[in-house]
Amino acid sequence: MDDMDDMNDRYDMNDRTPMIDCQAVMRRLWDYLDGELSTESVVAIEAHLEMCGRCYPQYEFERDFLDQVGRLRREHSDLGRLRTRLLETLRSHGFAA
Ligand SMILES: [Zn+2]
């Protein structure tokens, strides 16, 4: 009997936490990072990430990845200008055709 009560208590505790599971978080992580989720989903995911040691590193990884991609894109748009300036410099020094 005592064991049963114990199990029920533990079950209730888990049940009270309004958590979505890891799979749901993983599936929505990109959308979350893209800001394409409803406030409700964002709150649920953030609550999960705060508590889940398994999803948080994944979240950090994907966030950093998107960060890098964003930075690369910015650098690429500057790359054209950079090349032009480089070519001008080279020409002014008598290099390049
Ligand atoms: Zn998780």
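Quick look at the numbers
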| read-out | value |
| --- | --- |
| Around residue 89: net Lys/Arg minus Asp/Glu count, Cβ-Cβ under 14 Å | +3 |
| Residues of region 66-97 with amide N under 15 Å of the 7 Å Cα→Cβ point at residue 36 | 66 |
| Derived scalar couplings ³J(HN,Hα) [region 34-50; Karplus, 6.51 cos²θ - 1.76 cosθ + 1.60; whole Hz; x for Gly, Pro] | 7, x, 9, 9, 5, 3, 4, 5, 4, 4, 4, 5, 5, 4, 5, 4, 5 |
| Residue 86-residue 22 pseudo-label distance in nm [points 7 Å out on the Cα-to-Cβ vector] | 4.4 |
| Charge sum, other residues only, whose C-beta stays under 12 Å from residue 25's C-beta, Lys/Arg counted +1 and Asp/Glu -1 | -2 |
| For region 22-92, Kirkwood radius (reciprocal of mean inverse C-alpha pair distance, Å) | 14.4 |
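We did not get these values from a lab; they are worked out from the coordinates using the rules stated. Fair warning: this is a prediction, and the values are worked out from it, not measured in the lab. Quick reminder, even Gly has a Cβ in these numbers, built from the backbone with ideal geometry, and neighbours come from all protein chains shown.
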